[in-house]
Each structure stands twice: as structure tokens, then as C-alpha cells.
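Structure first, then comments.
What follows is calculated from the coordinates using simple rules that are stated; it is not laboratory data. Note that this is a predicted model, so its numbers are computed, not measured. Cβ coordinates were reconstructed from backbone atoms using ideal geometry, including for glycine residues, and neighbour counts include every protein chain displayed.
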Amino acid sequence: MSRSVISDRQPARAGIITWQLAQTFWVGGLWLLQFMVLPALGRIGLAPLLVEEIAGSLKPLLVGFAAFCSALQALVLVQVTGLRGLWRDVRGQLLLAVGLLAGSQLLMRAGWFESLYWASFSYLVMALCGLMLVLQPAPGREH
């Protein structure tokens, strides 16, 4: 086996592994917090204000982490499909949507604008985009 064949296969495999790990962490984290941890804290008897305080502390961290991981996934997608793949591919469009939603939510929390429902809406849409992204094959595994 020639050296070029080995070097051509390693980055693609590393990209697939990076894609899957990043996706697992950010999508799983969003869903786990919203639909498992916070309801469980409410059911065990913690005060609703305490649950809201925990959610208010953890959600911005997870949104920032989702932004970082989706940017990492976008880099992997650009490496495999090129820059045009980011615009034309459904995975790229979902990643761009997640990045824009995360950025707008972080700007809202920084005080750039105020909205009663934007934080919840953008968080749930990011989780839905993540779920739709999970249903897509990883770049390099389309066949």
C-alpha cells in the first residue's frame, strides 16, 4: 500500500469521528438538559425558582458549546465537500441555522435586545435542527 493512500484515508476517518463526537455532545446535551434533567429536578421537589436558576445558568453554557461544536462540524463539512457544500448541503444549512440561532441567543443574553420567548424558541429550534442533523449521514459516509 502506498503512502499516499494511507494519508488520504486518515483525514476522512478523523473528520467522521470528529463529526460524530461533536454531534453527540451538543445535540445530546441540549436534549438531555431540556427534556431529562430540568423535568427531573422539578419532579424530585426542587423549588421552581431553583430549577429556573439552574436552567438559566446551564442553558447559555450549552448554547455556547453547541455553537462551538456546530462550527467544528461545519469545518469538517467544508473539508469534505468544499465551501459550496456548506450552502448547498442540508447538513450545512442546518449547521448555519444552529450557528445563527446560538449567536442570536448569546447576543440576547448579552443585552443587545430583549425578548420574552426568543431564548426558549431558539433553544428548541437548535435542538430540532440537531435532531434533523442526526438523521443525516456524516460527511464521507454518504455511500
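Could you identify the single residue in Ala138, Ala40 that is farther than 19 Å from Gly15 by Cβ and either small (Gly, Ala, Ser) or surrounded by 14 or more Cβ atoms within 10 Å (Cβ to Cβ) (or both)?
Working: Ala138 fails: farther than 19 Å from Gly15 by Cβ.
None of the other options fit; the residue is Ala40.
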Helices (runs of 4 or more DSSP H) within the stretch 19-108 that include 3 or more residues within 9 Å of the chain's Cα centre (by Cα): 48-81
Counted residues, the stretch 48-66 - those being β-branched (Val, Ile, Thr), surrounded by fewer than 18 Cβ atoms within 10 Å (Cβ to Cβ) and either in contact (Cβ under 8 Å) with a residue 24 or more places away in the chain or in contact with a Pro (Cβ under 8 Å, 6 or more places away or on another chain) (or both): 0
Output for the stretch 39-88, where each listed residue is β-branched (Val, Ile, Thr) and in contact with an Asp or Glu (Cβ under 7 Å, 6 or more places away or on another chain): Thr81
Condition check for Gly45: at positive phi and surrounded by fewer than 16 Cβ atoms within 10 Å (Cβ to Cβ): yes
